[in-house]
Every structure is written in structure tokens, then in C-alpha cells.
1. Before we move on, is ILE257 hydrophobic (A, V, I, L, M, F, W, C) and within 26 Å of VAL99 (Cα to Cα)?
2. Within segment 316-326, which residues are surrounded by fewer than 16 Cβ atoms within 10 Å (Cβ to Cβ) and either free of Cβ contacts under 8 Å to residues at least 24 places away in the same chain or under 15 Å from ALA356 (Cβ atoms) (or both)?
3. Given the conditions (1) charged (D, E, K, R); (2) in contact with a Leu (Cβ under 6 Å, 6 or more places away or on another chain); (3) over 29 Å from THR223 (Cα atoms), report the number of the one that ARG100 does not fulfil.
4. Being in the same structural domain as LEU106 (by TED's automatic domain parsing) and at pLDDT 90 or above is true for just one of HIS156, HIS141. Which residue is that?
5. Going through LEU243, LEU228, LEU247, LEU279 one at a time, which residue ends up being touching a Ser or Thr at 6+ places or on another chain (Cβ under 7 Å), surrounded by 19 or more Cβ atoms within 10 Å (Cβ to Cβ) and in a helix (DSSP H, G or I)?
6. Would you confirm whether any residue within segment 212-233 is under 18 Å from the mean Cα position of the chain (by Cα) and acidic (Asp, Glu)?
7. Would you say MET79 is buried (at least 19 other Cβ atoms within 10 Å of the Cβ), touching a Gly at 6+ places or on another chain (Cβ under 9 Å) and closer than 17 Å to LEU135 by Cα?
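The values are calculated or read from the model by the stated rules, or taken from the named source; none is laboratory data. None of the values given here were measured: they were computed from a predicted structure. Cβ atoms come from the backbone with ideal geometry, glycine included; neighbour counts cover every protein chain shown.
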Amino acid sequence: TSVHKHHGECRVVAEKLRQGKAEEGSNVVSTAIIIAFAIGTLITGFFQAFTVPIIQATGCAAEIVAPAASYMRIRAYSMPATLVLMMAQAALIAQKDAVRPLIGVLVACALNTVGDIVLITQLGWGLIGAAVATLVSQTLHAAVLVLLLNGRGEVHPRLRRPRRAELNELAGTCGPTTLIYLAKNACYLLVQTTATSLQPLLVAAHQPIYGLWSLLTFAHVPTEQAALAYLPGVTSRREAGELIWVLLILGAAIGLITAVPAGLLPVLAPQIFSNDAQLFPHMRAVVPQVVGSMFLCGLDVAASGILLAQKDLAYMAQTMAVNLITLTAFFVWVRRAGLGLAGVWWGLVIFFGLRAAASLYRIWNPPTQEIPSPKPV
């Protein structure tokens, strides 16, 4: 759910800056950061109180519950920092500043890498070391971004009591997007719970491919963020249509580019993921679905960013609800029919295919004449 707050703040701040209301934008960011810290603290408490039931709800094997619980309890303490850094990043992106977020990411990656080497390799802390390294890097990442945010730029947050006007403005955007991303996360949960219900050998084949797939999907995010940062500031209908076209082309291109390593690595170098040769045939068998879902994901993320920037939130919430119902029915059938790992990955193809189709239809057929449709450059 942290993603919806990120998108909501980015769109609101970008709109404020377009109107020349930098002070109001700063107030919105201040409120968003305070709320993020409060919600992160509540999430930490929830994870600490219900660690084992949450892990067991995923349907994972009993033998991994204890180590997973130890990891989760430590990682839970990073939730306030994680949500704060997302709000700070959204404020920077709303100002069309990608350099400072990049600096924050590079610092966090360097700290995490050093932490993993020291804690896991040298001190032998294992899974606990990985959790501690991530906790420290995310906390410092948040601190770095907040400091960078208070440097040059139009938005400068400060510690102050949130006001009703700012809360209402954020709620107007974040409310519908909360439902959208809760439904989206529920779809991902369906994918993973179905996967973990398979035989151990198939689960072992699924996890590294899904990890690679998840990592590569981060490359799709910039098109969504670009839509949120730039579309609200475009006043010309023609320019808006051209920008929408460019964003869709970029989304499709990035989807194709990321599909290449997602498909080739399991085929040409499966030993990167595991030394167990028994897994390799199962990993290679789902490559077509991996490639297809990766391309569709790139297209969907760009299209979703456009609809978010156009404030078409009710339509997005409705279509996401339909997708969730459809995917639930599909995975019930997958389990009953015993479709195995192929069924899991076909679920991802169906999910992103439905989302991309619904979003693209809306973009080409906007509800009002005031909303621009794509225009080739």
C-alpha cells in the first residue's frame, strides 16, 4: 500500500508546482512524510505481533517458518524508513529531479552490499545478517533522501502538524489508489500462494525465476513516474497526446528489453540460480510465460501511470476488482486441474494482459473530450 501514497503525493505535488504553489506543495510533502512514518510504525507493530501467522498464511513449508520469522521481525523495523523514503522520492520526482533519487539509491545499494559482505560472509550471520544489512541501508537511504530534499529545489518539507486541507487533498487521491494497489498486491499474493502450494521441486524452480522477474520489473517504474511527474504540467492537448504516445512506446520497449534476460538466463545459464540440475527443465518450461508477462507488465505500468496522472481512478479501481475476481477463479482452477508451475505463470500473463488491455482501451477511448488520446510524434 506504500506505492499508492507515493503516486498520490507525486501527482498532488506536481499539480501544485504547475500552479506555482510551491509553499502548498511543501506542506503536502511534510504531511505525507509524517503520515508515512506513523503508518510505517503501525505496520512494524502489526508484523511483530503476527509474524508467524502471516508467514504461515502464504502456505510455505513448515521448516522455513522459523527462519523466515526471524528475518521478518528484523525487516519490520525498516517500515517507517521505507515509507518515508518513498514520500521523499515522490517529492523529488514531482519536481522532475531524477538525480537526487539516484544518489539515494546508489548510497543504499553500496551500504547494503558492504553490509551483506561483512555480516554474512565475514561474520557468518546468515539470514539475520541479510536482514540487518537491509534495515540499516533503508534507514540511511531515507535519511539521505530527506536531506537531499531540503537542498536545492522548490519543495522543502518541515516538521509541522498536518492540516485538514492537506489531509483531504491527499485522501482524495490516495483513497482510490489504496484500493487499486491492495487489489494488485492481492493478485501477487495469489500467484505466490499458488506457487508455494506446489511440490518442493517446483517451488525451488519457481522462486529464482520469480526473483529475477520481480527485479527486472523495477525497470518499468520510470515510465509510470514520468507520467505522474510530467503529464499534470502539460497544458497543450497536442503535447499531452504526444507525451502519452511516447510513454506507451517506452513502456513497450522497456518491456521487450527486460524480457530478454528474463527469458535467456533460465535457458542459457540456469546454474546462476541453482546448482541442482533437476530444476533446470522446470525453469526452462515456463520461459514463454515469463517473457510474455514481462512484456505485458512494461506496457501495463506505462498505461497505468497515464491513467493515474489523468485522475481516472474510479475506472482503474473497477477494472482491478474485475481482474482480482478473474485471477482468483483462474487459480482455483489451476489448483484443481493440477496445472503446476505452468499454471502459475499463465496466471501472470493473464493478469497483466487483462490490465494492459483495459488501460489501453481507456487511453484510446477517454471518457471526455477534455482528456487527450495518444498522438504519434
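1. Criteria met by ILE257.
2. GLN318, VAL322, ILE325, THR326
3. Result: ARG100 passes all but (3).
4. HIS141
5. LEU247
6. The answer is yes, given that some residue of segment 212-233 is under 18 Å from the mean Cα position of the chain (by Cα) and acidic (Asp, Glu).
7. Against the criterion (buried (at least 19 other Cβ atoms within 10 Å of the Cβ), touching a Gly at 6+ places or on another chain (Cβ under 9 Å) and closer than 17 Å to LEU135 by Cα), MET79 qualifies.
Yes/no matrix, rows are residues, columns are (1) touching a Ser or Thr at 6+ places or on another chain (Cβ under 8 Å); (2) assigned to a helix (DSSP H, G or I); (3) modelled with pLDDT under 90; (4) aromatic (Phe, Trp, Tyr):
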| residue | (1), (2), (3), (4) |
| --- | --- |
| ILE306 | yes, yes, no, no |
| ALA321 | no, yes, no, no |
| PHE330 | no, yes, no, yes |
| GLY343 | yes, yes, no, no |
| ARG355 | yes, yes, no, no |
| ALA358 | yes, yes, no, no |
